[in-house]
Amino acid sequence: MHKILLILKREYTTRVQKKSFIFLTLLMPVIMAALIILPAYFASMGDEQTRTIGVYDGSAVFLGRLENSEFTKFQFIPRDEFVSSKSDIKNSNYYALVDIEPNFLITKTVQVLSANNIAFDLKSQIKDKIQGVIEKDKMAEVVRQTAIPDLEKKLAATKTHINLDTIKVGDGGVVEKSSTEIGMVLGYIFGFMIYLFIFIYGTMVMQGVMEEKQSRIVEVIISSVRPFQLMMGKIVGIALVGLTQFALWVILGIAILTASKSFYPSPAQAHQMQNVIEQQDSMQQAGGPELDKIQDLLAMVGTINFPLIIGCFIFFFIGGYLLYSSMFAAVGSAIDVQEDAQQFMLPITLPIIVSIMVMVSALRSPDGPIAFWFSMIPFTSPIVMMARIPFGVPIWQLLLSMFLLIITFVAMVWITAKIYRTGILMYGKKPSWKELGKWLMYKS
Amino acid sequence: MELFSAKEVSKTYSSQQALTNVSVSVEEGTIFGLLGPNGAGKTTLIRIINQITAPDSGSVWLDGRPLKPGDISQIGYLPEERGLYKKMKVGEQALYLGQLKGLSRHDAMKELKIWFEKFEITSWWDKKVMELSKGMQQKVQFICTVLHKPRLLIFDEPFSGFDPINTDLITREILQLKKDGATIIFSTHNMESVEQLCDHIALIDKSKKILDGPTQEIREKYKSNIYDIAYRGSFDLKSHDLANKYNIIKHEQNGHGNRLSIQYPDGSSSRELIKDLVEQVELISFNEVIPSMNEVFIKVVKQNS
């Protein structure tokens, strides 16, 4: 036991001290943060340039009725200025020109001319403003003709937004608000994380075993410790590297999330903004749908059983990792050079890739037969079961899946240790599957 | 006193017989040469001693009781296929290997200081192994093997990769270790160093032990009635009886030193040879030729095939 700890310590410290580890651990959250923050940042600083739009109103419906907004000014111009600006739009005073035809009320078509493609935002702004004017006119006409009192207000009151609450009914009729969207996102994140960790750290185990074999240090070491101790020390040491990286990412992630909040409006700020909008527009109904959504989301995040998910994540990470890394260790022991790894890698990586594909379908139908069976098969269960857990999995299924995983990895570690023990001392032989089978039968 | 022995050890790898009923006995405080052609089974026997593999049948003994896992700390092994972690620092790595053999960090540090000073390599401590030359790496490896003061040392081709100066250094260290009471099993193809170092040898060929005994006795045993003779005067061998009776291996006749290598047939004796010679010439010297280990090795292995 003491010697396993020594090996574990070496495996752990040499990797954690590596520049590449520190670099990747720090860089990953920065990349993630950049992906989250930069778009928001750019959006917030986006259109701070005031643009003047030249409008030629042939129909004379809109004159003076297009309201300026903060960065967009509408200026109505006569025909000749419009024509001269159009011929040399780049050097004109206008960012874009709007051409409203004299028979606009019939054609309902407006042309926007500009030197460059205009932004989607600006385009919809122009469209909304023109539509707003027409709708207002029509509404006024209807109100005038029907002469029903307060019609305007009554019509506005017909606008409705509905909320679709999905409710999960637990044992004994306990009712919980659930969210399919949140389940999917969490299922995807955790399933994918297990996939990533098995791959990254499984290959790291293989590389480590190969390094020991290639540098010929392995015989020196196994004259001091049993091959099984060396293999387990390495596997557990690297698992700790993985968990360290995961923990660091969680900490950095929280830090970055906190920092990035300053770029997004907080719920309180959002509420204030909503109020301002409501005050400005008397037609707007109280309680914006967006705000409801945020509050719902927060409520639903609260109902998710995070201790269960994190607990299961750690279990399935360790179980899946042990299962696969022991196979990676056996492959690493069998080969002399990296190129020989190919033929053995495929059967190992195939179930992992299948898992990730099944995971996607399991997220859509977490209780379907595919999701069920693949979350029972130990080679795919760590990823598929992890994807199902946020949706709620019957306890017997969870326990059965865990039980099968434990049995399988114990058996797999036992088998691979036998291959490993023989493989690390074999040089110059390009091994075949048959050869590996033979090694399995050797007496220790 | 016997420190180590293997009794009737056999080992088979799938269809290949690696060892067949091999028994060896190693006396405490001696150097035991384990010889044999490539693929004879030496490495398998060494791995069995290190408990890297277990024999199919037979037993291995240390200090008069069966070898057990805890004995690892009493054994130091320098394998033929050896290396170090390339990216690890020399000192850190030596400490690690010492600790794996059961030394505390503190003791390992203390011993390493002594050895590094003795070999004048203290400046390598913080270097990465890949920055060292092959010979330098071998030195570090030698230190790691003997660091924990094992009672039984196993050296498999310890001189490979060393220049003559370092070979000499390691030879002296091995002899010093023996003087300090260590027992050494020494496997090599370099027969000169066997003559120089080994008290006792065993030769394994095709999985079987075919020769075993004290080095000097074995060489004596394989002498083949050949004598080197120096004489004064001159005589014509061809016109003489001697050429029929004896096998003339070499004959040089010039001004001052006349020399003759001659072999008498079985059934004859050195006394008869001398008698025949003194009748002809004045003898200056008469020496029996003792075969080198190299000659013994080749002869025995050829006979066995």
The protein assembly as shown, accessible area per residue, ligands and nucleic acids excluded (1.4 Å, Å²):
52 Å²
Can you tell which of B:141, B:280, B:17 shows the greatest fluctuation in a Gaussian network model of chain B with Cα springs below 10 Å?
B:280
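Could you tell me the relative contact order of segment A:362-444? Use alpha-carbon pairs under 8 Å, at least six residues apart, and round to a whole percent.
22 percent
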Calculate for chain B the 222 nm mean residue ellipticity that helices alone would give, adding -39,500 (n - 2.57) per DSSP H run of length 4 or more and normalising by residue count, nearest 500 deg cm²/dmol.
-10000 deg cm²/dmol
How about segment B:238-305: which GluC sites (Glu not before Pro) there are in a DSSP loop, with at most 12 other Cβ atoms within 10 Å of their Cβ?
B:279
Rounded to the nearest Å, the spacing of the alpha-carbon centers of segment B:141-182 and segment A:302-334 is 46 Å
When the expected Rg is taken as 2.2 N^0.38 Å, what fraction or multiple of it is the alpha-carbon Rg of segment B:224-289?
1.00
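With the full set of protein chains in place, find how many percent of the accessible area of chain B is carbon and sulfur; take the probe as 1.4 Å.
It is 48 percent, rounded to a whole number.
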Give me a single rounded figure for B:50-58: the average over its residues of other chain Cβ atoms within 10 Å of their Cβ.
3
I'd like the mean, over residues of B:79-89, of how many other protein chain beta carbons sit within 10 Å of each residue's own Cβ.
5
What are the ³J(HN,Hα) couplings of segment B:186-203, residue after residue, when phi is run through the Karplus curve with 6.51, -1.76, 1.60 and θ = phi - 60°? Round to Hz, x for glycine and proline.
10, 10, 7, 9, 8, 6, 4, 5, 5, 4, 6, 10, 7, 7, 8, 9, 9, 10
Can you list which of the GluC sites (Glu not before Pro) found in segment A:2-92 are DSSP loop residues with at most 11 other C-beta atoms within 10 Å?
A:48, A:67, A:70
I'd like the distance separating the alpha-carbon centroids of segment A:70-91 and segment B:40-73, in whole Å.
97 Å
How much net charge surrounds residue A:151 when only other residues with a Cβ under 12 Å from its Cβ are counted (Lys, Arg +1; Asp, Glu -1)?
0
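Give the average over all directions of the projected area of the C-alpha convex hull of the protein assembly as shown, one decimal, in nm².
Computed as one quarter of the Cα hull surface, the answer is 57.3 nm².
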Would you give the gap between the C-alpha center of segment A:376-392 and the C-alpha center of segment A:401-444, rounded to a whole Å?
26 Å
Given the options B:240, B:148, B:106, state which has the largest fluctuation in a GNM of chain B using a 10 Å cut-off (strictly under) for Cα springs.
B:240
Can you list the lysines whose alpha carbon is less than 28 Å from that of residue B:223, not counting same-chain residues fewer than 8 positions off?
B:42, B:206, B:208, B:209, B:238, B:245, B:250, B:275, B:299, B:302
Taking every DSSP beta bridge with both residues inside the protein assembly as shown, roughly what % is antiparallel (nearest 5)?
65 percent
Rank A:409, B:4 by accessible area, highest first, at a 1.4 Å probe radius?
A:409, B:4
Tally the DSSP beta bridges in chain B and give the antiparallel ones as a percent, rounded to 5.
70 percent
The orientation-averaged projected area of the Cα convex hull of segment A:46-117, in nm², is 5.1 nm²
Going through segment B:247-305, which trypsin sites (Lys or Arg not before Pro) have at most 16 other Cβ atoms within 10 Å and a DSSP loop state?
none
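Can you give the mean number of other chain Cβ atoms that lie within 10 Å of the Cβ atoms in peptide A:219-231?
Going residue by residue through A:219-231 and averaging, the value is 6.
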Could you give me D for segment B:2-220, from Stokes-Einstein at 37 °C and 0.692 mPa s, where the hydrodynamic radius is the Kirkwood radius over C-alpha pairs? Units µm² s⁻¹, please.
183 µm²/s
Which far-off residues, 5 or more places away or on another chain, put their amide H under 5 Å from the one on residue B:251, with H placed in the peptide plane?
B:261
Which of the lysines could a cross-linker span from residue A:153 if the Cα-Cα distance has to be under 18 Å and same-chain partners fewer than 8 positions apart are dropped?
A:136, A:138
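The values are calculated or read from the model by the stated rules, or taken from the named source; none is laboratory data. Since the model is a prediction, treat every value here as computed from it, not as a measurement. Counting neighbours? That spans all protein chains shown, and the Cβs are built from the backbone with ideal geometry, glycine included. Just so you know, the surface numbers come from the protein's heavy atoms only, side chains and all, with ligands and any DNA or RNA stripped out. Shrake-Rupley method; radii C 1.70, N 1.55, O 1.52, S 1.80 Å.
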